[in-house]
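Notes follow once the structure below has been shown.
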């Protein structure tokens with residue numbers, strides 16, 4: 001049981017390049033989340049998927065797109081990377097859509113640098 | 001704008017002392033409250049959850065919740081150098097449907113336990 005996994009762990013991009021961050025969970029969780037974490041800014045929600053087949057914008061969605069490929073996988077795409085997207089990206093998952101007591105479990109993160 | 005506020009610290013305590021971490025939140029409808037610990041370069045990990053007013057104890061950790069004052073705290077007894085980390089307070093987003101499980105994070109309090 002690996003929990004939440006993310007690939008890659010590190011990535012350096014040039015401005016304008018595109019890439020996809022991958023996330024997978026093996027806990028049969030319904031909900032999945034993408035966050036970014038910047039110094040002094042805390043964790044900010046980019047997009048979330050409350051259940052398979054649905055995705056919604058979070059606090060900072062501009063410049064990103066997501067795909068909930070199936071129940072296990074939730075990917076984050078940067079179409080044209082900008083230096084402002086340099087950050088640490090975390091994926092998280094949560095068991096039940098409607099049970100507020102369920103917490104979120106985080107993956108190990110992807111450190112992205114955009115030059 | 002829903003907010004979760006924490007003192008950024010750093011909070012420095014000697015080994016064996018009690019560390020007290022505080023958090024206030026703006027959304028009166030929030031019902032779930034979580035404390036995550038994040039070591040430098042690592043992902044957040046859940047250490048405590050609390051849903052009802054009062055205290056909840058788990059080993060050396062005690063979470064306290066006062067919904068009337070919109071205040072959550074975490075006490076760490078017999079602090080150890082291994083407790084040195086950033087502690088994130090998270091509060092569920094009040095509402096209905098898919099966003100109900102979303103968490104709003106504080107920016108974190110950095111704790112340093114000196115031997």
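A compact table of results
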{"quantity": "Residue list for the range A:39-65, restricted to those being farther than 26 Å from residue B:108 by Cα and within 12 Å of chain B (Cβ to nearest Cβ)", "calculated": "A:51, A:52, A:53, A:54, A:55"}
{"quantity": "Count of the range A:19-31 residues which are modelled with pLDDT under 95 and assigned to a strand (DSSP E or B)", "calculated": "1"}
{"quantity": "Selection status of residue A:37, surrounded by fewer than 18 Cβ atoms within 10 Å (Cβ to Cβ) and either in contact (Cβ under 8 Å) with a residue 12 or more places away in the chain or more than 23 Å from residue A:96 (Cβ to Cβ) (or both)", "calculated": "no"}
{"quantity": "Elements of type strands (runs of 3 or more DSSP E) contained in the range B:1-91, each with 3 or more residues being under 25 Å from residue A:89 (Cα atoms)", "calculated": "B:4-6, B:33-38, B:45-50"}
{"quantity": "From A:68, A:111, A:72, A:36, residue being touching a strand residue (DSSP E or B) at 6+ places or on another chain (Cβ under 7 Å), more than 14 Å from every other protein chain (Cβ to nearest Cβ) and farther than 21 Å from residue B:30 by Cα", "calculated": "A:72"}
{"quantity": "Residue that is modelled with the lowest pLDDT, among those in the range B:75-99 that are under 19 Å from residue B:26 (Cβ atoms) and surrounded by fewer than 23 Cβ atoms within 10 Å (Cβ to Cβ)", "calculated": "B:96"}
{"quantity": "The range A:90-103 residues that are more than 8 Å from chain B (Cβ to nearest Cβ) and under 21 Å from residue A:6 (Cα atoms), paired with ones that are at pLDDT below 85 and assigned to a loop (DSSP other than H, G, I, E, B) (beta carbon under 8 Å, 6 or more apart)", "calculated": "A:95/A:102"}
{"quantity": "Residue among B:94, B:19, B:63 that is touching a strand residue (DSSP E or B) at 6+ places or on another chain (Cβ under 6 Å) and within 14 Å of chain A (Cβ to nearest Cβ)", "calculated": "B:63"}
{"quantity": "Residue that is surrounded by 18 or more Cβ atoms within 10 Å (Cβ to Cβ) and more than 22 Å from residue B:13 (Cβ to Cβ), where the choices are B:66, B:102", "calculated": "B:102"}
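The values are calculated or read from the model by the stated rules, or taken from the named source; none is laboratory data. As the structure is a computational prediction, the values presented were derived from the model and not from experiment. A quick note on method: Cβ atoms are made from the backbone with ideal geometry, for glycine too, and the neighbour counts reach across all protein chains shown.
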